[in-house]
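Colleague: Below are the structure tokens for one structure; questions will follow.
Please treat every number below as a calculation from the coordinates, not as lab data. What you see is a predicted model, and the numbers here were worked out from it, not measured in a lab. Every residue, glycine as well, gets a Cβ built from its backbone with ideal geometry; the counts of neighbours run over all protein chains shown.
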Amino acid sequence: MALLNILNYPDKRLHKIAKPVDKVDAEVRRLMDDMLETMYKAPGIGLAAPQVGELKRVIVIDLAREDEKPQPLRMANPELIAVSDEDAVYNEGCLSLPEHYADVTRPAAIKVRYLDHENEIRELEADGLLATCIQHEMDHLEGILFVDHLTALKRNMILRKLLKAKKSQQPVSA
Ligand code: NI
């Protein structure tokens, strides 16, 4: 297992569309495990392959709290096959936009079909935080970040804060 580098907004690579994997083989399984290790270390509850510079339709999620047994979900080629009419609002964050949060509205419940780490087709019904997290990670596969769901005004506010933070971290040159 290895720790991977997480790309930060506004890196252009975060806006590319990821390609499906042919099958979940040893290489994809390794990517999933490296992504999980990277996500736990961050720490975060979800990570998508494009965030570590791999344009593959692979996501990992674990909503277990620190004092709970890990419950990793490894998904390749996830597809939404049903969404509820009812919406839910969550205050979302993203490992590619550290320390920024905003309310995002999404379908409250979903049904997703995917390939698991053993290349088996699975279906999962989810609601609550899991439904939100799966949709957030699947957005990354389309090159969409949670800030893309906000108004331009709100998005620019976050972007300006990010750029300011970056500037102040640079060493002074003389
Ligand atoms: Ni994210």
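Colleague: Between helix 26-41 and the chain, what is the angle of the helix's C-alpha long axis to the longest principal axis, kept within 0 to 90° and rounded to the nearest 10?
Modeller: It works out to around 50 degrees.
Colleague: When the helices in the chain are scored as -39500 (n - 2.57) per DSSP H run of 4 or longer and the sum is shared across all residues, what 222 nm value do you end up with, to the nearest 500 deg cm²/dmol? Intermediate results must be reported in sequence, preceding the final value.
Modeller: Details: 3 runs with 48 residues, N = 174.
Rounded to the nearest 500, the figure is -9000 deg cm²/dmol.
Colleague: Let me ask you something else. Give me a comma-separated list of calculated 3J(HN,Hα) values for segment 153-158, in order, Karplus coefficients 6.51, -1.76, 1.60 applied at θ = phi - 60°, integers in Hz, x for any Gly or Pro.
Modeller: Karplus-based 3J(HN,Hα) across segment 153-158 equals 4, 5, 5, 5, 4, 5 Hz.
Colleague: Using every alpha carbon pair in the chain, what percent of pairs falls into each 5 Å bin from 0 up to the bin containing the largest distance?
Modeller: 1, 8, 17, 20, 21, 16, 9, 4, 2, 1, 0, 0
Colleague: Hey, how many Å between the Cα centroid of segment 1-36 and the Cα centroid of segment 126-150?
Modeller: 16 Å
Colleague: Express in nm, to one decimal, how much length is gained between LYS23 and GLU123 on full extension, taking 0.36 nm for each residue of separation and deducting their alpha carbon distance.
Modeller: Using 0.36 nm per residue and subtracting the Cα-Cα distance, I get 34.3 nm.
Colleague: In degrees from 0 to 90, rounded to the nearest 10, what is the angle of the helix 128-141 Cα long axis to the longest principal axis of the chain?
Modeller: Tilt of helix 128-141: around 70 degrees.
Colleague: Can you list the residues, at least 5 places off or on another chain, whose amide H is less than 5 Å from the amide H of ALA109, using H built in the peptide plane?
Modeller: SER84
Colleague: While we're here: Taking the mean number of other Cβ atoms within 10 Å as a proxy for protection, how do you rank 42-48, 102-108 from highest to lowest? Walk me through the intermediate numbers first.
Modeller: Numbers: 42-48: 20.9, 102-108: 16.6.
Ranked by mean Cβ neighbours within 10 Å, highest first: 42-48, 102-108.
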